[in-house]
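For reference, the structure is listed below as structure tokens.
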Amino acid sequence: MRPETRWDQLTGRRWGTKGITALTQALAAASSLRTDTGQDGQRATWATAQGIILLANHTNRLTDQAKANTGVILGNCPTELIALAQRLPITATGPDNYYKAFPITTAGTNEQDLTTATAHLLYEVADSTGAAYEIARATTAYTAAQASQYMNTHGASTDTLADFYARNADALNLLTLLADTTDTGIIDAANAGAAASTDQLTITTNTNGQHTITHTPTTTPQPNPTIPTGTPGLPAPIYTNAFNAGLINNPPDPNTTTWYTTDTNGAHHITLKTNDQQRNFYTWVTDGSGNSPEVADILDQNGINGNPERWRTTDDFKEYYGGDDW
């Protein structure tokens, strides 16, 4: 039986909350394979696209767990979320092909149907702290990896790094706008997810001393994540990129710093798991980011605050993406 036939059977069945929750769990794992460059990546992308459309038609069946699982699915669609945030076609990859992924429309999935479904699903899970955490964690880890690899090819610059994270922040600010900008819990969850993205990063060093950041896509939501109040999340991955791209003039001493370490290959790591680490890191940033004023002036402008660049209201977003009946 062809995959399309099996999927037609799934689409036509009656779904309850238990079935939808199980389906979101399976789709979360499948969506993590989208970065594979072979047939597995194509199949995973097709399955993810079909799943998004199906879930958008059953949003009244999404439990809290299903919303967290859906956050993983959407987090593994970072280029699509960034495109939605910037009112671009959902297959856009940014200038100079910033992002690398199979188009979500692979295998002939209708672009308009998928655009509407993705926007609808993002809108429906935006009130979930679990979904916000997972979307921010996966999307930001992907951004860190893509920024690293792009700069290794085109040259490191603060402006390029800021551009990557501005796009990332725009997607996360759209998420928090859809939730309700007065709900600081969602903003805190998105910031916590962005900060936790450093846990998904692997940093390798080649013979020329060049550091390359890659990321491990999310397969399951993190149970009961720690969500501190009022902590900015994007500086941790941004400065991970900046350190490893050689943009910091005066790195701290790893032997006397709680949040900063270097490994045997000279790669730089930021860990923010305790209040002490967070406090010391943000003090270092506000004190001048290691005597790197240009880095601080440009990079510290990116943040998650519920104010996306191209959207003013939730109703504006719904109208643009055909959400009168959501």
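The values are calculated or read from the model by the stated rules, or taken from the named source; none is laboratory data. Here the structure is a predicted model, which means the values were calculated and not measured. We place every Cβ from the backbone using ideal geometry, glycine too, and count neighbours over all the protein chains shown. Accessible surface areas use protein heavy atoms only, side chains included; no ligands, DNA or RNA. Shrake-Rupley method; radii C 1.70, N 1.55, O 1.52, S 1.80 Å.
If you check Thr283, Thr261, Thr218, Thr271, which single one turns out to be farther than 20 Å from Pro78 by Cβ and in contact (Cβ under 8 Å) with a residue 60 or more places away in the chain?
Going through Thr283, Thr261, Thr218, Thr271 in turn, the sole match is Thr271.
Considering only helices (runs of 4 or more DSSP H) fully contained in the stretch 224-326, which possess at least 2 residues that are exposed (fewer than 12 other Cβ atoms within 10 Å of the Cβ) and at negative phi?
Per the criteria, 275-286, 314-320.
Just checking, how many residues over the stretch 88-134 are of a type in the set (Val, Ile, Thr), in contact with a Ser or Thr (Cβ under 7 Å, 6 or more places away or on another chain) and part of a helix (DSSP H, G or I)?
2
Conditions (1) open to solvent by less than 10 Å² (accessible area, probe 1.4 Å); (2) within 26 Å of Arg87 (Cα to Cα); (3) free of Cβ contacts under 8 Å to residues at least 60 places away in the same chain, marked per residue:
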{"site": "Ala145", "(1), (2), (3)": "yes, yes, no"}
{"site": "His154", "(1), (2), (3)": "no, no, yes"}
{"site": "Phe164", "(1), (2), (3)": "yes, yes, no"}
{"site": "Thr184", "(1), (2), (3)": "no, yes, yes"}
{"site": "Thr198", "(1), (2), (3)": "no, no, no"}
{"site": "Leu201", "(1), (2), (3)": "no, no, no"}
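Six or more apart or on different chains, Cβ under 7 Å: which pairs go from a residue in the stretch 15-43 that's among the acidic types (Asp, Glu) to one that's open to solvent by 70 Å² or more (accessible area, probe 1.4 Å)? Could you list them?
Every condition considered, the pairs that remain are Asp40/Leu33.
Got a sec? Which of Thr116, Thr139, Thr105 is open to solvent by less than 20 Å² (accessible area, probe 1.4 Å), in contact with a helix residue (DSSP H, G or I) (Cβ under 9 Å, 6 or more places away or on another chain) and in contact (Cβ under 8 Å) with a residue 12 or more places away in the chain?
Numbers: Thr116 fails: open to solvent by less than 20 Å² (accessible area, probe 1.4 Å); Thr105 fails: open to solvent by less than 20 Å² (accessible area, probe 1.4 Å).
Answer to the check: Thr139.
Tell me which of these Ala179 doesn't satisfy, since it passes every other one: (1) open to solvent by less than 30 Å² (accessible area, probe 1.4 Å); (2) at pLDDT 95 or above.
With respect to (1) open to solvent by less than 30 Å² (accessible area, probe 1.4 Å); (2) at pLDDT 95 or above, Ala179 is out only on (2).
Starting from residues that are open to solvent by 10 Å² or more (accessible area, probe 1.4 Å) and small (Gly, Ala, Ser), keep the ones in the stretch 57-102 and report whichever is modelled with the highest pLDDT.
Ala68
Please go through the stretch 166-176 and give me each residue that is among the hydrophobic types (A, V, I, L, M, F, W, C) and either closer than 29 Å to Thr205 by Cβ or surrounded by fewer than 24 Cβ atoms within 10 Å (Cβ to Cβ) (or both), ordered by number.
Passing the criteria: Ala166, Ala169.
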